[in-house]
There are 4 protein chains.
Amino acid sequence: MRGNSFGNLFTITTFGESHGVGLGVTIDGMPSGFTVSLDDLQDELDKRRPGRLKISTARNEMDQAEILSGVFENKTLGTPISIIFRNTNQRSQDYNELKNEYRPGHADRTTTLKFGHRDHRGGGRASGRETVARVAAGYFAGLLLKDTQFFSYIKQSGPFDFNAITTIPSTKRTDSGLIDESKEEDFKKYVLTLKEQGDSIGGQVRLIIQNCPAALGEPVFDKLKADLSKAMTSIGSCMGVLFGRGVEFATLKGSEISSDSTNFSGIEGGISNGENIYCDIFFKAPSTIGDKAKEGRHDPCILPRVLPVVESMAKIVLADHLLRQKAFTISEP
Amino acid sequence: MRGNSFGNLFTITTFGESHGVGLGVTIDGMPSGFTVSLDDLQDELDKRRPGRLKISTARNEMDQAEILSGVFENKTLGTPISIIFRNTNQRSQDYNELKNEYRPGHADRTTTLKFGHRDHRGGGRASGRETVARVAAGYFAGLLLKDTQFFSYIKQSGPFDFNAITTIPSTKRTDSGLIDESKEEDFKKYVLTLKEQGDSIGGQVRLIIQNCPAALGEPVFDKLKADLSKAMTSIGSCMGVLFGRGVEFATLKGSEISSDSTNFSGIEGGISNGENIYCDIFFKAPSTIGDKAKEGRHDPCILPRVLPVVESMAKIVLADHLLRQKAFTISEP
Amino acid sequence: MRGNSFGNLFTITTFGESHGVGLGVTIDGMPSGFTVSLDDLQDELDKRRPGRLKISTARNEMDQAEILSGVFENKTLGTPISIIFRNTNQRSQDYNELKNEYRPGHADRTTTLKFGHRDHRGGGRASGRETVARVAAGYFAGLLLKDTQFFSYIKQSGPFDFNAITTIPSTKRTDSGLIDESKEEDFKKYVLTLKEQGDSIGGQVRLIIQNCPAALGEPVFDKLKADLSKAMTSIGSCMGVLFGRGVEFATLKGSEISSDSTNFSGIEGGISNGENIYCDIFFKAPSTIGDKAKEGRHDPCILPRVLPVVESMAKIVLADHLLRQKAFTISEP
Amino acid sequence: MRGNSFGNLFTITTFGESHGVGLGVTIDGMPSGFTVSLDDLQDELDKRRPGRLKISTARNEMDQAEILSGVFENKTLGTPISIIFRNTNQRSQDYNELKNEYRPGHADRTTTLKFGHRDHRGGGRASGRETVARVAAGYFAGLLLKDTQFFSYIKQSGPFDFNAITTIPSTKRTDSGLIDESKEEDFKKYVLTLKEQGDSIGGQVRLIIQNCPAALGEPVFDKLKADLSKAMTSIGSCMGVLFGRGVEFATLKGSEISSDSTNFSGIEGGISNGENIYCDIFFKAPSTIGDKAKEGRHDPCILPRVLPVVESMAKIVLADHLLRQKAFTISEP
């Protein structure tokens, strides 16, 4: 209830400050008997690892997952799966100067307002590092949705503006998260230049879910779009989410959209209809600018790292709704 | 868990199909001792009543609230407040033709996919009529937030495009929900013409919350923006929500936004900072078009009616978070 | 969260004060497509109706259920089922004297301590009348458990002490709730004499659940025995619950119980094993004594009326756990 | 929802199999700013540590707590507190013989029924080892209840039968958990003899809560007695709980109990009234008997170890209800 759990049947609880001993997640609600591949889990985690990409933060925490429970002989037990990550690179001396300083745009001030006592050494729970726990949970959620594909890419960031596709492309996205390979070098250069200038940039991510099971979503409050919206806007720096044709809906007439169901983005009445779900998720530029932003550990653009987080949260929402729909699919004897 | 409850401490559970006996809401979590004015409650309800506005649906259900419990001698008891509304104008014969028909863009098909058995006489839970329960609950939530103001208006609808204000104006909005009185007649004409044409239009609503208590919002999943997003996208036809500068965040640099905290929309790290919160909420055009849409009971534009629903959901989210924050504000003895 | 909801997937929320406009229950989580018989529902309700039994309170509220939603053409819709009961016999003038009086043993004083404002006309939420909502919900829960039998009887009350059976008998219990027909008249006389004396009596009820589906119960906190215990002790006047051999467990050796699994009462490790579940539920004597207790509307022994409530709560717990177990019974693709 | 979380505002989620990598607990809902003493935490944990008592199991896992998060500079942060314990003494070779064997009275068979896949090396989640997580959480809950005392003792076990006190005694209980020091040696001898015989014994524990804040408990389902009952019966081997005068209520008349409020055990209408709460909690004898029970690691009587668990669960229930009551104690502006 304090806000660190998400999901109703596939429930995750995350914990850990960015500069404490460690962080992690406990998944309560993973069914038993699913095969777990530590390699696959680590692959997912590596996608969001700072340091992997040149354009991402240099801080290297390794993101080495340790599974404490819930898996036995490579299969899930149906009991809580707890996964921890140690913080190996705390360098708390770097942060002493921050003890009485509130960085603008960060959660420092509101965290203090809310809790009184704060771990000033870093972002605490507001740090991007928290998302490693979400990605770990997303791996397990994905095991429940083997036939569903989740794909996200950078649709826009600063001057870069890519196509608004509604179907997952056959080619992979680039290392930076683009669907246009020819722009990869330009984008990298743009981000590095921003870093040199001590500046940062926001962007929007498009998420596409293909082969989503039909009948997921629980009206009237836990509509699929409602839970996906919450999932996305719970990610740090996320400033909103738009489904289907998004801002265009403000000017489109009923006669212009009713003929083509893809406009509604795979969700009708809050319930998936089996068609592709797609939405755009907006992120603001990182708030750290100026000389501090020039230091190694700050990302001028979080979008490449945020893609696996977006996909993981979508998996968690769908896994939860899959179990919910399953619970109620019961016939009169 | 089936999805008809919302909120953690200020919890509402709504019930009722559009063409059944009645619908309503039970509020569990309203503190005791608050003065209730039935007149004020009915005023809120009337704002969304179909039939009040010429441009709104002609079906007149009266929206007469009956409070069954939780209020005694005009004060809340701290026990569940249950409020019901009877459906007085069912005319089920109108709907027999719909028994085996799925109206495009409506929830008919997905509701059948999900539940099997469906009340084909109307939209059931997906009907806009369901929102009367939300507005009733919003009235009580508002009693907890006497010093906070909630204001919404039509920011855009079809060719009409109004200012993106971030502060509640001193003048009231028009009957249709505009902040520019001079456009009221044009807008009404536009909507009536759409009706004559059997067409409909979407739009975006701007919501402004002024004097929001600071420290509300529960990271990392129940951030204030996350719960507001869910609340808004749980409203029928809502296709997304954007906080602060919205789509602009995709192109704005850190250096362009960090200097002015209003860009972040009153929420930092998912926690309210006491400044104005504002966001834009997008609605698609009603799916009923063609000859059916020309009949009296269909709205070509739901935005005027949706404004009190948007404000009510915001009140419910804030009331819930106010109680949550209160619970944990406790000092070491 | 305020405490008026019960269950996770089969969730009931009850509302209503004993002397307000009405009371009722909303069930969120009843699957769709189940046939509803209003006659059967009313039969269940009549079992706990005051006035039916000579030895029960004379107040006659009729307990006439009105279903507002969730049922269409005699089948459940999968949407919330809301059922209300009007209070037709309020006679509030009887209660004015109670405005500033706390009846010993009643919840009057603690209710005022907790809520400040109280409906002094009666027991409010603490009234036995609240249980009508539980029985209505129990009817629907029972539809999910057609092959499971729930039986309860008065095992002990004052000088009356009956057998501790562990299997449902083939003969029906008496009107008063006994399994020994030959004691029925004596028991009725005993209770009537107590009433004449302005006194009251407690007792213990034995509950037997036969043909319980195996694998229900969610360790480590929502063990079946834990949720059944909570369900029973949430009933007014209930002072405890004992499973299987109950108090004997304090003196029995492992060697004396391990050979016979019926000792453990059908639950091992918190999970049903398919065998009969049985437990004893203890109720204190009604607190109203003296001249007031001699008036018509007070029951000197609540046990006959409490039996359908005990069975209903058991049904609700099992229905909830049935859906929970169903949700997680999913195989790796 | 899978059953490994407990509490609504002070919420604990436990994880870990007895023979996996480790186990632990995440507390979400501990307010910020409370001073944490690792020594005090370890003292609580040591009370239930197998191996401490001669009569307890010899397996020595050290129960060394590692706090991963939520505490900074010896004060709680208000963020999730995650505490882990490693299993250092797994000796899994001992357990290979158990792969296809279901120990009678254990959860082996029902766990397999429920989950299919099982960690056969030990009791898994059903192991008594799981309770270490509850005691760790209880330490933090206790910080919120500095003025409330929790005391439990062995009231009865086999031939040993002690006084049913309702007030916490001024003298400490013995190492074995008795309130009669003169019986300590006899009791130890009795238990050791049982071990030599490969037998075991059950018992009942009395819990006394003194200086409980008034107004705790949330009718109608989350009454204080209901949540305490659930908390206790969620402990492995617990077979029931009785409040106040317990089984006597079956034969006591209203006239015999109404005059003395202590009969009702400090709870009226499900709400604490500030007086002492006391209840008896029944535990069955450990199911392991015969030659296996003679091995070092099996306890013939779990009661000495269960006392800190009982007290911890009571603390967790009260902490949760304290925060809940706090949330709703808000005045009309």
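The values are calculated or read from the model by the stated rules, or taken from the named source; none is laboratory data. Note that the structure is predicted; figures quoted are calculated from it, not measured. Here the Cβ positions follow ideal geometry from the backbone for every residue, glycine too, while neighbour counts run over all protein chains shown. Protein only, heavy atoms only, side chains kept; ligands, DNA and RNA dropped before computing areas. Shrake-Rupley method; radii C 1.70, N 1.55, O 1.52, S 1.80 Å.
Miscellaneous remarks
- Label distances, nm, A:Pro169 versus same residue in remaining copies, Cβ-directed 7 Å point: 4.4, 7.7, 7.8
- About the Cα centre, charge dipole magnitude for the protein assembly as shown (Lys/Arg +1, Asp/Glu -1 at Cβ), debye: 0
- Here the average projected area of the convex hull drawn through the C-alpha atoms of chain B stands at 19.1 nm².
- Distance from region B:152-196 to region C:176-243 (C-alpha centre basis), Å: 62
- Cα-Cα over 26 Å, subset of B:Lys223/D:Lys326; A:Lys253/B:Lys114; D:Lys223/D:Lys253; A:Lys99/A:Lys294; C:Lys99/C:Lys230; D:Lys146/D:Lys188: A:Lys253/B:Lys114; C:Lys99/C:Lys230; D:Lys146/D:Lys188
- Just checking the listed ones, D:Val36, D:Val135, D:Val306: in the Gaussian network model of chain D with Cα springs under 10 Å, the one fluctuating most is D:Val36.
- For A:Gly240, the residues 5 or more places off, or on other chains, whose built amide H falls under 5 Å of its own are A:Phe282, B:Phe243.
- Low-density loop cleavage sites - GluC sites (Glu not before Pro) in region D:94-146, where at most 16 other Cβ are within 10 Å (DSSP): D:Glu101
- Carbon plus sulfur fraction of accessible area for region D:130-266, probe 1.4 Å, in percent: 45
- Residue of D:Glu196, D:Glu181, D:Glu256 that the Gaussian network model of chain D assigns the largest fluctuation, springs spanning Cα pairs under 10 Å: D:Glu256
- Each Lys and Arg adds +1 at its Cβ and each Asp and Glu adds -1 at its Cβ; summed about the Cα centre, region B:159-316 shows a dipole of about 340 debye.
- With helices as the sole contributors, the protein assembly as shown gives -8000 deg cm²/dmol at 222 nm; each DSSP H run of n ≥ 4 counts as -39500 (n - 2.57), and the sum is divided by every residue.
- Per-selection Kirkwood Rh - region C:76-205 (Cα, Å, 1 d.p.): 18.6
- Sparse-neighbourhood loop sites, trypsin sites (Lys or Arg not before Pro) in region A:162-191 - DSSP loop, at most 15 other Cβ within 10 angstrom: A:Lys172
- Inter-copy spacing of B:Asp291 label points, which lie 7 Å from Cα along Cα→Cβ, given in nm from shortest upward: 7.6, 7.7, 8.8
- Starting from the label point of D:Lys75 at 7 Å along Cα→Cβ, the same points in the other copies fall at 3.8, 5.0, 6.2 nm, in ascending order.
- Tail fraction, Cα-Cα pairs, region A:154-263, threshold 26 Å, whole percent: 32
- Derived scalar couplings ³J(HN,Hα) [region B:258-263; Karplus, 6.51 cos²θ - 1.76 cosθ + 1.60; whole Hz; x for Gly, Pro]: 5, 6, 10, 5, 5, 4
- Springs join every pair of Cα atoms under 10 Å in this Gaussian network model of chain B, and among B:Gly24, B:Gly158, B:Gly116 the largest mean-square fluctuation is at B:Gly116.
- Charge dipole of chain D (Cα centre as origin; +1 on each Lys and Arg Cβ, -1 on each Asp and Glu Cβ, all else neutral): 800 debye, rounded to the nearest 20.
- Applying the Karplus relation 6.51 cos²θ - 1.76 cosθ + 1.60 with θ = phi - 60° to region B:201-214 yields 3J(HN,Hα) values of 9, x, x, 10, 10, 9, 10, 10, 10, 10, 6, 5, x, 6 Hz, where x marks Gly and Pro.
- With coordinates expressed along the principal axes, the C-alpha atoms belonging to the protein assembly as shown extend over 83, 67, 52 Å, beginning with the largest.
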